[in-house]
Amino acid sequence: VDDFQPLQRRNGRTYPTGEKGIAFTICACNYLAQARTLGDSLQEHNPGYRFIIFLVDRLPEDLRDADLGHEVREVHDLGINNYRDMLVNYDITELSTAVKPFCFSYLFHRHDADRIVYFDPDILLFGDLSVLEKTLQGHDIVLTPHITSPIFDGQSPSEQGRLNAVLYNLGFIALKRSQESFDFLRWWSFRLTDQCRIDFCNGVFVDQLWVNFVPLFFRNVGILRHLGYNMGYW
């Protein structure tokens with residue numbers, strides 16, 4: 001894949017330079033509409049961010065010359081070791097989450113952004129990211145918890161369900177350029193190469209359960225408790 005340039009043009013469109021940072025999502029082609037809507041909402045409220053869609057499958061020929069509204073890159077071209085094995089061994093959900101740390105590493109290597117933010121493709125933004133930006137000033141890794149207070153209603157989702165699925169929701173994660181972030185990505189990539197499965201009986205749930213260890217293994221981890229960030233559909 002070509003190196004990033006300060007300003008990229010495609011089909012006559014000029015993309016943001018990313019002076020505030022880079023935001024990205026990962027999906028297959030069947031989620032391109034959601035990913036585009038995410039990118040549109042991001043840049044409506046945060047025009048200083050560059051937005052990139054990583055595809056875990058190949059873009060169909062009839063879309064290669066289409067204006068998709070945002071930059072699109074195929075994960076096949078990132079040079080991930082063992083990617084062929086990941087394609088064979090993971091289903092589409094597992095694969096889309098397993099490549100997350102590799103996409104972070106690629107972006108840090110290819111671009112000089114100080115902050116990189118991941119959003120799931122089914123997220124919609126309604127405001128600016130000022131709270132996140134302030135949090136990143138004092139932290140290298142920023143996570144959002146699934147819940148922020150005890151649950152007593154006996155309904156689902158429940159505290160027990162969070163113990164089974166994960167404490168932090170990896171539909172969002174933000175990293176600042178630092179050695180701590182690079183160490184985290186190196187460890188996370190190693191685990192997700194072959195241990196990013198949906199297997200509750202064996203205590204594994206894609207990329208998320210591994211992140212329970214992050215506040216223990218790494219310093220400067222921020223837990224963003226703001227109720228407007230990464231709010232679940234429930």
- Query: Got a sec to turn the phi values of segment 69-86 into Karplus ³J(HN,Hα) couplings, 6.51 cos²θ - 1.76 cosθ + 1.60 with θ = phi - 60°, whole Hz, x for Gly and Pro?
  - Reply: x, 8, 5, 10, 10, 9, 4, 3, 9, 8, x, 6, 5, 6, 5, 4, 5, 5
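Leaving ligands, DNA and RNA out of it, rank Val117, Val88 by accessible area with a 1.4 Å probe, largest first. Numbers along the way, then the final one.
On the way: Val117 0, Val88 120 Å².
Reading off the accessible areas and sorting them downward yields Val88, Val117.
Is the shape of segment 80-215 rounded, prolate or oblate, going by the alpha carbon gyration tensor and its root eigenvalues a ≥ b ≥ c, with a/c under 1.5 for rounded and a/b larger than b/c for prolate?
Working: a/c = 1.83, a/b = 1.08, b/c = 1.70.
Since a/c reaches 1.5 but b/c is at least a/b, the shape of segment 80-215 is classed as oblate.
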- Query: Which number comes out as Rg/Rh for the chain once both Rg and the Kirkwood Rh are worked out on C-alpha atoms?
  - Reply: 0.95
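Under the 0.36 nm per residue contour assumption, what length would be gained going from the current alpha-carbon distance of Gln155 and Arg177 to full extension? All intermediate terms of the calculation are to be shown ahead of the outcome.
Working: separation 22, 0.36 × 22 = 7.92 nm, distance 4.00 nm.
Gain in length upon complete extension: 3.9 nm.
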- Message: Would any residue of segment 34-55 have its amide N under 17 Å from a label point 7 Å out along Cα→Cβ of Glu133? List them or say none.
- Response: 41-51
- Task: Would you mind telling me the antiparallel percentage of the DSSP bridges in the chain, rounded to 5?
- Result: 40
- Item | 5 angstrom amide H check on Ile26, placed H, neighbours 5+ away | Phe54
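In Å², and per residue, what accessible area does the chain have when probed at 1.4 Å with the other protein chains present? Each step should come with its number before you reach the end.
On the way: 11990 Å² over 234 residues.
For the chain, the solvent-accessible area averages 51 Å² per residue.
How big is the charge dipole of segment 71-162 about its Cα centre, in debye rounded to the nearest 20, if each Lys and Arg gets +1 on its Cβ and each Asp and Glu gets -1 on its Cβ? Write out the running numbers ahead of the final one.
On the way: 7 positive and 15 negative charges, 34 e Å.
In debye, rounded to 20, segment 71-162 gives about 160.
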- Give the carbon-plus-sulfur fraction of the accessible surface of the chain in %, rounded to a whole number; probe 1.4 Å, heavy atoms of protein chains only. 50
- Task: Please determine, in degrees from 0 to 90 and to the nearest 10, the orientation of helix 179-192 with respect to the longest principal axis defined by the Cα atoms of the chain, where the helix direction is its Cα long axis.
- Result: 80
- Message: What's the magnitude of the charge dipole for the chain around its Cα centre, counting Lys and Arg as +1 and Asp and Glu as -1 at the beta-carbon? Answer in Debye, nearest 20.
- Response: 500
- Note on the structure: With x for Gly and Pro, the residue-by-residue ³J(HN,Hα) of segment 206-218, computed from phi through the Karplus equation 6.51 cos²θ - 1.76 cosθ + 1.60 at θ = phi - 60° and given in whole Hz, is 6, 7, 6, 4, 4, 6, 4, 7, 4, x, 8, 8, 10
- Message: Taking the Kirkwood radius as the inverse of the mean 1/r across Cα pairs, report the Rg/Rh of segment 88-147.
- Response: 1.00
- Task: Can you pull the one-decimal nm distance between simple spin-label points at Ile198 and Ile223, each 7 Å off the Cα toward Cβ?
- Result: 2.7
- Query: What residues have an amide H closer than 5 Å to that of Val206, excluding those fewer than 5 places away on the same chain, when H is modeled at 1.01 Å from N in the peptide plane?
  - Reply: Arg197, Ile198, Asp199
- Query: How many nm is it between the label spots at Ala33 and Arg58, if each spot is 7 Å from the Cα in line with the beta carbon?
  - Reply: 2.5
- For the pair Glu74 and Leu216, how long in nm is the line joining their label points, each one 7 Å along Cα→Cβ? 4.1
- Taking the dipole of segment 136-234 about the Cα centre (Lys, Arg +1; Asp, Glu -1; charges at Cβ), the one of Phe205, Ser158, Ser181 that reaches farthest to the positive side is Ser181
- Can you give me the relative contact order of segment 7-156 as a percent, contacts being Cα pairs under 8 Å and 6 or more apart? 30
- How large is ³J(HN,Hα), in whole Hz, for each residue of segment 32-37 in order, when computed from phi with the Karplus curve 6.51 cos²θ - 1.76 cosθ + 1.60 and θ = phi - 60°, using x for Gly and Pro? 4, 5, 5, 5, 5, 5
- Query: With every protein chain left in place, what is the accessible area of Lys134 in Å² (1.4 Å probe, nearest 10)?
  - Reply: 150
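The values are calculated or read from the model by the stated rules, or taken from the named source; none is laboratory data. Being a predicted model, the structure only gives us computed values, none of them experimental. Here Cβ is always computed from backbone atoms with ideal geometry, including for glycine, and neighbour counts include all displayed protein chains. Each accessible area value is taken on the protein alone, full model and side chains, heavy atoms only, with ligands, DNA and RNA left out. Shrake-Rupley method; radii C 1.70, N 1.55, O 1.52, S 1.80 Å.
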